[in-house]
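The values are calculated or read from the model by the stated rules, or taken from the named source; none is laboratory data. None of these values were measured; they are calculated from a predicted model. Every residue, glycine among them, receives a Cβ derived from its backbone with ideal geometry; neighbour counts consider all protein chains shown.
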Amino acid sequence: MKKLTTLPKWFNGTIYDKGDTVTNPFSGEEYKLTGLELSMYDFIMGSQYAIEMMGGFFSDNTINLQNDMRKGLDWFRRHNGKAYMVLLD
């Protein structure tokens, strides 16, 4: 796997220099993420929270955020499929 050095141009979240271990709140499984992976993970989780606070996935108010979240999930699955399965699937 090629080492990641950047995030996609559309990404507008915080970029972390250092990674950390993330725990799936439902299964308790953990996975160590790089700084870039953690940045995308936090973006996805923050998007999910914002969508829920703005009326949910069936609200027209959240369409753009839902699209960005989907792109984030797709990015994560392509760049670290194992972590995706543990943390986001």
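At positive phi and at pLDDT 95 or above, is that true of G28? In short, yes. Has region 15-24 got at least one residue that is modelled with pLDDT under 95 and surrounded by fewer than 12 Cβ atoms within 10 Å (Cβ to Cβ)? The answer is yes, given that some residue of region 15-24 is modelled with pLDDT under 95 and surrounded by fewer than 12 Cβ atoms within 10 Å (Cβ to Cβ).
Cβ separations smaller than 9 Å between residues 6+ apart or across chains give the following pairs from region 15-33 residues that are among the acidic types (D, E) to residues that are in a loop (DSSP other than H, G, I, E, B): E30/N24.
From Y31, Y41, Y16, which residue is assigned to a helix (DSSP H, G or I) and of a type in the set (S, T, Y)?
On the way: Y31 fails: assigned to a helix (DSSP H, G or I); Y16 fails: assigned to a helix (DSSP H, G or I).
Sole residue among the options that is assigned to a helix (DSSP H, G or I) and of a type in the set (S, T, Y): Y41.
Residues in region 25-62 that are surrounded by 15 or more Cβ atoms within 10 Å (Cβ to Cβ), under 24 Å from G81 (Cβ atoms) and among the polar types (S, T, N, Q): T34, S39, S47, Q48. The set of residues from region 36-72 being farther than 13 Å from F11 by Cβ and among the hydrophobic types (A, V, I, L, M, F, W, C) comprises M45, A50, I51, M53, M54, F57, F58, I63, L65.
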